[in-house]
Every structure is written in C-alpha cells, then in structure tokens.
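Trainee: There's a structure below that I have some questions on.
The values are calculated or read from the model by the stated rules, or taken from the named source; none is laboratory data. The structure displayed is predicted, hence computed values, not measured ones. Every residue, glycine as well, gets a Cβ built from its backbone with ideal geometry; the counts of neighbours run over all protein chains shown.
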Amino acid sequence: MAAVARAACLATALVVTATGGASAWAQTAQAASPSRQYAIAPGTLDSVLGRFGREANVMIAIDPTLTRGLESAGLQGTYSVSEGLGHLLSGSGLEAVPGATGGWRLRKTIGAAAAPNAAAAPAEGATLAPVIVSAQRERLYDVQDVNAGALGIRSLQDLPFAVGSYSVDTIEAQRARTALDVLRNDPSVTPTSGFSSFDGVAVRGFSANTFNNVRRDGLLANVYSDVPLENKERVDVLKGLSGFLYGVGEPSGIVNYVVKRPTRERFASVTAEVRTQGGRYAAIDAGGPLDANGTVGYRFNAATEKVGDFTHFGDLKRDFLSGAVDIKINRDALLQLDFDWQKKSLAASGMIGPLSDGAVLAASRFNPRTLVGQPWGQYKTDAWNIGARLDYALNSNWDLTAQLGLSRSKRNAIFFNASQIAPNGDVLKGNTRYEAEPYPTAAGQLFATGRFKTGSIGHETVIGYSYSSLQSPDGDYQRFPQMIGNVFRPLPHQQPYLSDDTHLPASTARQSSVFVSDTISFTPQWQLLLGARHISYSSDIGSKYDGTPKYTTRVTVPTLSVMYKPAEHTTVYATYGEGFEQGAYAPSYAENALQKLGPIKSRQYEIGVKSRVRDGLMLTAAVFDMDKPLQAVTPSDNVFRQKGNQRHRGVEFTANGEITPQLSGIAGVSWLDAEQRDTGDAALEGRRPSNVARFQANVFLDYRLTSVPGLSFNTGIYHVGNRPLDRANTMIVPGFTRWDLGAAYVTKVMGKASVIRLSIENVANKRYWSSVNYGGVTQGNPRVVRLATTVNF
C-alpha cells in the first residue's frame with residue numbers, strides 16, 4: 001500500500017510537470033504566499049518539512065524514498081512558502097513543485113547528480129531483488145503533533161519533559177488491546193489494575209487518576225473504563241507533573257491517546273484473530289478522501305472480541321465503533337470531528353489480600369486462570385466520546401486552535417474482595433460491592449499560538465483558556481457479604497439483585513483556567529520556557545455523602561525550563577514545575593471510608609536529554625526529584641488522612657527506533673528511590689509507599705530477515721521489581737520478569753497485500769502478581785497465543 005501511494009505521488013508530479021501546468025500554478029502560488037516568521041529546529045528532513053507544513057498551513061507530499069537519511073539545519077527567519085521550501089531543500093538534490101490540486105510535492109532536481117554511494121542502475125532486463133516496504137499510512141493532512149496543553153501543539157523533540165510515545169506500529173506488532181499492553185514498553189510505568197475492572201497505571205510511582213490523568217487528544221476521556229486502541233494512532237505518556245500543561249491531576253503525568261485521522265489514499269484493511277482461552281477477534285480499518293480534491297476525508301474503525309465464557313480470569317466480550325472526518329474548509333481552516341463507542345464486559349475477579357500471618361500468597365500456588373468471584377459477576381462499561389477541533393491560521397504569525405470533547409461512561413461494576421485469607425485459601429475477611437452509575441464529562445480549550453521577534457530574540461507564545469466538568473456519583477456502593485469462599489476453589493453463590501442503576505446523587509467537579517507560555521529563543525542553541533496556569537477549581541464531590549462542604553479554590557501553577565542544543569538533534573533541558581490535585585477518597589477498609597480529603601499541591605525538578613543519535617533512533621535520559629503531601633491510612637487507628645509527604649527521586653533511560661536497517665527496538669530502564677517522610681510514625685518513616693518498584697527494565701526487539709523478505713521475528717522481556725503491599729513494608733510482593741515472542745510475515749492472501757502475525761505472551765507460562773492495589777494483588781495473564789491475519793484492500 002505504501003509503495004503504491006508513493007508511486008502515485010511521483011506519477012502525479014511527473015504528469016503536472018509534463019503538462020506545463022505546474023509552472024504557471026507555482027508563479028501564482030508564490031505571488032499569493034505571504035511571508036511569516038519561522039523558528040524550526042534542526043532534524044531529519046522529513047520531520048523539518050512536516051513542521052514547516054504545519055506552520056505554513058500547506059500540504060507537502062513527502063516520498064520517504066527520496067528523503068531517507070537526509071538532514072536539515074532547520075529554518076530561522078522570515079520566508080514565503082516557496083522561499084522556505086527552497087531554503088530547506090537547498091543542497092539536498094530535491095526540489096518542491098506545486099501539486100495538481102494544491103499543496104506541494106517533492107522530486108529530484110532535474111539534472112542533479114546522483115547522491116553519494118548511490119547504487120548503480122541495474123542492467124537492462126535485470127531482475128531486482130524483492131523489497132518489502134513497511135510504513136504508517138500518511139494522514140490526509142499531515143499533522144504529526146503532540147497536544148501539549150498550555151504549550152499548544154508541539155513535536156516531542158521540542159518538549160522539555162520526559163515523554164514516552166508508542167505508535168500504531170507497536171500496537172499492531174504486539175497485538176495490544178489496552179493501555180497496559182502498550183505501556184509495558186515504558187520502564188517508568190507500573191500496573192495498578194484492581195478487581196479486573198480497567199487498566200490502571202502508575203508513572204514514576206504515582207498512580208494516574210482516571211478522572212484527570214487520562215486524556216484523548218488532550219481532553220478528558222473515558223472514566224473507569226478501558227480506552228480502546230483500534231482508532232488510536234499513538235499513546236503518549238507525559239511523565240511527571242502536568243499542572244501547568246493540563247490543570248488538575250496526579251503528579252504521575254498524563255496518558256494521552258492520539259486518534260487516527262483520515263488518510264491521503266483510500267484503503268481498507270480487515271483483521272481476524274484467534275487465540276488461546278477460547279478467544280476470537282475481528283476488526284476493520286478504512287479511510288481516505290471523500291472527494292476528488294481531497295478537501296474532506298474519513299476514517300472508520302470497528303471491532304468485536306470475545307474470550308471465554310466468563311468462568312475464568314481474563315474472559316471478556318466487547319464491541320467497538322468509531323469514525324473521524326477531516327474537512328479542509330479553506331486554505332486557513334481545518335475542522336476535525338470524531339467519535340467512538342465501546343461496550344465491554346470483563347469477568348470480575350477479586351483482589352487477593354495477605355495471608356492471616358501477614359505474608360503474601362506465593363503466586364506459584366495460584367492458578368492464574370482462576371476466577372476469584374462468580375461467573376455472573378462482570379465489570380460492564382458502556383462508554384462513548386465525541387471530539388471536535390478547529391485549527392485556523394489568523395495570519396502568517398498567529399494560529400488559533402479550538403477543541404471540544406464530550407464523553408460518558410456508564411459502568412455496572414461488581415467488586416469481589418478477599419482482604420485476608422487463610423493458608424488453605426479460605427476467605428477470612430472480605431466483602432462484595434456493586435455500583436451502577438454514569439460518569440459524564442465535558443471539556444474544551446481555546447488557545448492562540450504566535451511566533452514573532454523582539455529584536456534578535458524569537459518568541460513562540462501560547463495564550464489560552466480551558467474548562468472541564470466531571471460528574472460522578474456521591475455515595476457508597478451497595479454492599480453484600482463476601483461471595484468467594486476460597487480463592488483457590490471459589491464456591492458458587494446465587495446472584496443477588498443488581499439494579500441497572502443505583503440512582504446515587506451526582507456531584508460535580510469543575511475547573512476553568514487561563515494559561516500563558518512563552519518559549520524564548522536567544523540563539524539557535526539556547527531557549528527559555530516560562531509558563532503559568534491559573535486554575536479556578538470547585539468540587540462538591542463527597543458533600544452529599546459525608547457532609548463535607550463544597551470546596552472552591554484558586555491556584556497558580558508555574559513552570560520554568562531552560563533548553564540547550566549543543567549539537568543538531570540533541571536537546572538538554574532543566575525543568576521546574578508544580579501540580580495541583582483533588583484530595584483522594586478514603587478506601588473502603590478505612591475507618592473513615594470514602595471521606596474526601598482536601599486538594600494538595602506537589603512539585604518537581606527534572607534534568608534530561610533527548611538525542612536523535614541517528615536517523616530513526618531516539619535516546620532519552622532524565623533525572624527527577626518529586627514530592628507531594630502524603631495521603632494514606634494510618635496503621636495505628638486505620639484512619640485515612642493527610643500527614644507527611646512522599647518523595648520520589650529517580651533516573652530513567654529509554655531508546656526507541658531503528659538500530660540497523662534490519663533491527664528495530666524499544667528499550668528502557670528506570671531506578672526509583674521513593675520514601676515516606678515526616679509521617680510521625682517510626683514504622684513508616686523512610687519506607688517505600690505501597691506498589692513502588694525500585695527497579696524496572698524492558699526491551700522489545702524486532703528483526704527483519706534479509707534472506708526471507710517479508711519475514712520478521714520479535715521478542716520482549718519485561719521486568720518489574722518487588723513492591724511493598726503495605727506502607728510499613730512488612731509485606732513485599734516479589735518482582736517478576738515476563739518473556740514474549742512473536743513473528744510476522746508480509747505476503748499476499750487472495751492476491752491482496754497481507755500480514756500474518758503470531759504472538760506468544762508469557763512464553764514460559766510464569767505465575768506472578770501483576771498489579772498491587774487496594775491492599776491486595778491481581779494475577780498476571782498465563783501464556784496467551786494469538787494468530788492474526790490482516791488483509792489490505
């Protein structure tokens with residue numbers, strides 16, 4: 001498909017040139033093209049041209065076979081579109097010519113000498129060796145960006161924060177379905193899922209709150225439900241404090257899902273998959289322009305999946321549907337619309353607490369397929385999202401972006417809890433809880449981005465406003481006696497009456513904020529980022545249940561970053577930031593269960609480096625120091641309160657990209673020193689917070705065989721160190737190392753380009769505790785084998 005698309009681009013360019021229409025069109029375009037200020041950092045020619053196209057608001061069709069291995073010094077100064085393209089392509093052996101229906105296309109400069117080390121042309125009649133080309137489909141409007149909140153739209157390289165980014169290539173190669181399937185590739189991310197409900201994660205030892213720390217194209221998304229991946233182009237993890245960028249949220253940072261957009265070429269692909277544990281899966285992905293001029297494009301995704309019959313851990317059923325439309329209103333305005341819907345049911349398997357003697361149950365004793373609950377018990381979610389974004393070029397120096405997002409998650413959630421067990425597996429303490437409530441959200445933001453100079457100093461300024469509203473039930477769960485009996489051999493229990501809606505009163509948390517940032521360029525090497533977000537926050541969550549008054553406050557959270565580029569493609573940065581979050585609820589086992597604590601503020605220092613050491617390979621490293629007020633249950637009286645603070649200091653290193661033409665990979669390692677301080681309790685002082693691993697590491701390698709074109713093998717190793725189950729660190733959950741294998745073969749099925757994939761998760765069928773949360777553990781998946789075929793039309 002990629003080869004056909006490239007051939008079509010080249011053919012179009014040749015036809016335009018041959019007819020002589022390009023010259024006249026180019027003269028008109030050049031005359032009409034206004035000059036504007038640019039401050040584009042050096043990089044690969046592909047990335048620099050992409051940034052130029054976004055800022056100039058023009059489409060540039062890029063053939064990767066022409067730009068592969070080429071670098072660009074970037075662009076500094078005032079240029080028209082044609083002048084800017086000429087400057088960027090100078091010395092590359094390439095030139096930009098106007099497209100037949102608008103935009104620009106690249107071609108080799110007529111009469112240009114062959115590039116150094118270029119292969120000699122084959123003799124007439126010679127047969128070329130087969131070449132397998134693999135690439136992401138190009139968007140209809142190439143906007144490869146990160147929605148960085150108060151910094152506007154930025155490339156990953158330009159962000160002075162540690163960011164992990166995982167593309168659709170990784171999602172497909174690893175047959176990922178949920179957040180944890182993707183984020184296992186990040187050494188700073190730890191599983192925190194509980195009760196077989198939805199994938200929860202912690203970043204740098206802090207849990208990511210589903211209310212504020214999970215985003216969809218930068219705005220609030222599904223609450224208490226898994227985010228589907230079929231319509232996602234990328235999953236980004238912004239590590240650390242995000243108060244300045246996004247407002248209220250945990251110091252863990254942000255998990256942001258980037259939605260797939262319409263493509264330049266029409267395509268359709270169908271995927272079918274079978275797996276062990278009685279699983280089957282089917283999906284369709286289609287997109288392309290809707291009109292001859294490419295002013296309107298669409299993207300459509302649908303999927304259905306079923307695993308087992310809800311009698312085992314991991315059994316599920318889900319259906320998914322999504323759509324996206326891009327509309328080029330005129331040369332200055334692009335409107336993007338999208339929606340998605342997912343209905344999912346998971347076998348609700350309970351958390352397993354410690355043994356009566358205070359030890360953690362050995363995972364080797366536990367069959368990971370065991371459903372710690374009842375077959376009728378399911379965690380059900382019915383969730384949808386609607387999004388809209390308008391990008392408008394006000395003039396040559398200022399752009400305006402407006403976004404709106406609406407979502408609603410309805411969950412029918414049952415939780416089986418074995419909070420303490422006997423050595424033989426009998427449940428000594430536990431309960432069953434149920435809730436059936438909707439969680440609607442609304443969010444929007446409006447910001448302007450300007451690029452200008454004051455004397456010799458360049459500025460990229462963002463000014464904006466954002467608003468969000470989240471409703472949630474204000475009351476306790478329905479409670480029943482524990483319905484497990486024994487964690488090794490759960491006893492059957494009759495289903496109690498579970499209403500479709502528990503009709504709890506709803507409360508609302510609202511935040512509105514004004515934000516401003518200025519990235520100041522003193523020289524091409526030195527930049528200074530100054531920014532602040534002023535937040536107005538109110539919440540009556542908890543007031544109807546526990547009588548606490550409505551909370552209202554105003555707070556300003558600043559950030560400061562210094563960036564230095566000692567060489568092309570390398571950025572060194574130092575950043576200070578602050579965060580603001582709503583106080584947590586007391587857990588159900590505390591004496592003050594479900595009581596809401598007041599908002600708290602946190603802070604972070606970070607020093608890091610990002611370097612593209614070669615085309616396609618990015619290395620990053622960061623050192624950080626974070627702390628926040630401590631909210632936890634005090635063992636002496638079992639009351640959940642705020643006292644002391646927790647400090648997390650650590651180092652992380654990651655590598656992502658192409659190592660050789662045949663070998664690609666993702667690798668990382670992190671070390672985290674976390675401790676509780678000023679707690680007033682000698683048993684807790686200096687101890688690790690629960691569920692914090694000191695050491696994590698991962699590596700995923702994909703090797704393409706040259707001897708068998710189209711065939712590749714991959715392997716992944718993922719290690720999470722031991723984690724405390726309790727704050728006093730008297731109970732330690734052992735670490736684990738998981739090994740995965742996979743293979744892919746690019747071929748033809750029924751004459752259509754296709755990919756056959758085999759993946760084996762947990763090859764050694766290792767038994768381990770994957771998640772630690774709510775004072776208990778959840779088992780990791782047993783060996784899972786998947787065989788999938790994707791056929792492209």
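One line per residue, one yes/no per condition, for (1) more than 30 Å from Leu741 (Cα to Cα); (2) in a loop (DSSP other than H, G, I, E, B); (3) not assigned by TED's automatic domain parsing to the domain that holds Glu581:
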site	(1), (2), (3)
Phe161	yes, yes, yes
Gly164	no, no, yes
Asp199	no, yes, yes
Val235	no, no, yes
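Trainee: Let me ask something else. Starting from the stretch 368-391, take each residue that is touching a residue at least 12 places away in the same chain (Cβ under 8 Å) and list its partners that are in a strand (DSSP E or B) and of a type in the set (Asp, Glu), counting only C-beta distances under 6 angstrom and pairs at least six apart or across chains.
Mentor: Cβ pairs passing all conditions: Asn385/Asp340; Gly387/Asp338.
Trainee: Output the number of residues of the stretch 756-769 satisfying the condition of being in contact (Cβ under 8 Å) with a residue 40 or more places away in the chain and either surrounded by fewer than 20 Cβ atoms within 10 Å (Cβ to Cβ) or of a type outside the set (Ser, Thr, Tyr) (or both).
Mentor: To start, the set of residues in the stretch 756-769 that are in contact (Cβ under 8 Å) with a residue 40 or more places away in the chain comprises 757, 759, 767-769.
Still in the list and also either surrounded by fewer than 20 Cβ atoms within 10 Å (Cβ to Cβ) or of a type outside the set (Ser, Thr, Tyr) (or both): 757, 767, 769.
Selection size over the stretch 756-769: 3.
Trainee: Every residue in the stretch 447-482 that is within 30 Å of Ala509 (Cα to Cα) and of a type in the set (Phe, Trp, Tyr), please. Write out each step before concluding.
Mentor: Keep residues of the stretch 447-482 that are within 30 Å of Ala509 (Cα to Cα), which gives 447-449, 461-480.
Across the stretch 447-482, the qualifying residues are Phe447, Tyr465, Tyr467, Tyr477, Phe480.
Trainee: Spot the failing condition for Phe624; the list is (1) at pLDDT 95 or above; (2) under 30 Å from Tyr703 (Cα atoms); (3) of a type in the set (A, V, I, L, M, F, W, C), and only one is missed.
Mentor: Just one mismatch for Phe624, condition (2).
Trainee: Considering only the stretch 717-774, how many residues are over 23 Å from Gly665 (Cβ atoms) and either outside the structural domain of Leu787 (by TED's automatic domain parsing) or among the hydroxyl-bearing types (Ser, Thr, Tyr) (or both)? Outline the logic, then answer.
Mentor: Narrowing the stretch 717-774 to residues over 23 Å from Gly665 (Cβ atoms): 722-734, 747-754, 765, 767-774.
From what is left, the residues that are either outside the structural domain of Leu787 (by TED's automatic domain parsing) or among the hydroxyl-bearing types (Ser, Thr, Tyr) (or both) are 730, 747, 754, 768, 770-771, 774.
Residues that pass the stated criteria total 7.
Trainee: Further question on the same structure: Show the residue pairs that are 6+ apart or on different chains and have beta-carbon atoms under 6 Å apart, the first residue being within the stretch 664-689 and in contact (Cβ under 8 Å) with a residue 60 or more places away in the chain, the second being surrounded by 14 or more Cβ atoms within 10 Å (Cβ to Cβ) and among the hydrophobic types (A, V, I, L, M, F, W, C).
Mentor: Sorted first by the residue in the stretch 664-689, then by its partner, the pairs are Ile666/Phe700; Val669/Phe653; Val669/Ala697; Ala674/Val692; Pro689/Ala674.
Trainee: Moving to a separate point now. Please determine, by comparing only the residues of the stretch 508-529 that are aromatic (Phe, Trp, Tyr) and either touching a Gly at 6+ places or on another chain (Cβ under 6 Å) or not in a strand (DSSP E or B) (or both), which one is nearest to Phe447 (Cα to Cα).
Mentor: Of all residues in the stretch 508-529, those aromatic (Phe, Trp, Tyr) come to 515, 522, 526.
Checking which are either touching a Gly at 6+ places or on another chain (Cβ under 6 Å) or not in a strand (DSSP E or B) (or both) leaves us with 515, 522.
Details: Phe515: 9, Phe522: 24 Å.
So the residue we want is Phe515.
Trainee: Tell me which residues, restricted to the stretch 143-173, are under 15 Å from the mean Cα position of the chain (by Cα) and not hydrophobic (A, V, I, L, M, F, W, C).
Mentor: Within the stretch 143-173, Gln144, Asp145, Asn147, Gly149, Ser155, Gly164, Ser165, Tyr166, Ser167, Asp169, Thr170, Glu172 meet the criteria.
Trainee: Further question on the same structure: Tally the residues that are in a strand (DSSP E or B) and free of Cβ contacts under 8 Å to residues at least 40 places away in the same chain, restricting the search to the stretch 289-317. Lay out the reasoning, then the answer.
Mentor: Looking only at the stretch 289-317, we keep the residues that are in a strand (DSSP E or B), and these are 289, 296-307, 316-317.
Now narrow it down to the ones that are free of Cβ contacts under 8 Å to residues at least 40 places away in the same chain: 296, 298, 300, 304, 306-307, 316-317.
The qualifying residues number 8.
Trainee: Regarding the stretch 645-661, can at least one residue be identified that is closer than 17 Å to Val699 by Cβ, assigned by TED's automatic domain parsing to the domain that holds Tyr589 and more than 24 Å from the chain's Cα centre (by Cα)?
Mentor: As a first pass, look at the stretch 645-661 and keep what is closer than 17 Å to Val699 by Cβ: 652-660.
Filter once more, so that each one left must be assigned by TED's automatic domain parsing to the domain that holds Tyr589: 652-660.
Narrowing the set further to residues that are more than 24 Å from the chain's Cα centre (by Cα) leaves 660.
Yes, that holds for at least one residue.
Trainee: On to the next question. Does Gly430 meet the test of being in a strand (DSSP E or B), in contact (Cβ under 8 Å) with a residue 60 or more places away in the chain and over 30 Å from Ala39 (Cα atoms)?
Mentor: Details: in a strand (DSSP E or B): yes; in contact (Cβ under 8 Å) with a residue 60 or more places away in the chain: yes; over 30 Å from Ala39 (Cα atoms): yes.
Yes, satisfied.
Trainee: Let me ask something else about it. Does Val777 satisfy the condition of being assigned to a strand (DSSP E or B), surrounded by 18 or more Cβ atoms within 10 Å (Cβ to Cβ) and either β-branched (Val, Ile, Thr) or at negative phi (or both)?
Mentor: Values: assigned to a strand (DSSP E or B): yes; surrounded by 18 or more Cβ atoms within 10 Å (Cβ to Cβ): yes; either β-branched (Val, Ile, Thr) or at negative phi (or both): yes.
Taking the combined requirement at face value, the residue satisfies it.
Trainee: When you scan the stretch 302-323, do you find a residue that is surrounded by fewer than 20 Cβ atoms within 10 Å (Cβ to Cβ), farther than 30 Å from Pro496 by Cα and of a type in the set (D, E, K, R), even just one?
Mentor: No, the stretch 302-323 contains no residue that is surrounded by fewer than 20 Cβ atoms within 10 Å (Cβ to Cβ), farther than 30 Å from Pro496 by Cα and of a type in the set (D, E, K, R).
Trainee: Could you check the stretch 484-527 and list, in sequence order, the residues that are loosely packed, with under 12 Cβ neighbours inside 10 Å and either β-branched (Val, Ile, Thr) or not assigned by TED's automatic domain parsing to the domain that holds Leu470 (or both)?
Mentor: Passing the criteria: none in range.
Trainee: Suppose we filter the stretch 258-289 for residues that are within 17 Å of Asp338 (Cβ to Cβ), more than 24 Å from the chain's Cα centre (by Cα) and surrounded by fewer than 17 Cβ atoms within 10 Å (Cβ to Cβ); how many remain?
Mentor: Total satisfying the criteria: 0.
Trainee: Sticking with this one: Please indicate, with yes or no, whether at least one residue in the stretch 641-650 is at positive phi and out of contact with any strand residue (DSSP E or B) (no Cβ under 9 Å at 6 or more places or on another chain).
Mentor: no
Trainee: Can you find, within the stretch 651-690, the residue that is surrounded by the fewest Cβ atoms within 10 Å (Cβ to Cβ) among those that are basic (Lys, Arg) and in contact with a Lys or Arg (Cβ under 7 Å, 6 or more places away or on another chain)?
Mentor: Narrowing the stretch 651-690 to residues basic (Lys, Arg): 677, 687-688.
From the residues that got through so far, the ones that are in contact with a Lys or Arg (Cβ under 7 Å, 6 or more places away or on another chain) too are 677, 687.
Details: Arg677: 14, Arg687: 21.
Only one residue tops the list, namely Arg677.
Trainee: Something else now. Looking at the stretch 721-756, which of its residues are more than 30 Å from Leu663 (Cβ to Cβ) and not in a loop (DSSP other than H, G, I, E, B)? If you could, list the steps in order and put the result at the bottom.
Mentor: As a first pass, look at the stretch 721-756 and keep what is more than 30 Å from Leu663 (Cβ to Cβ): 722-734, 750-751.
Scanning the stretch 721-756 gives Arg723, Pro724, Ile732, Val733.
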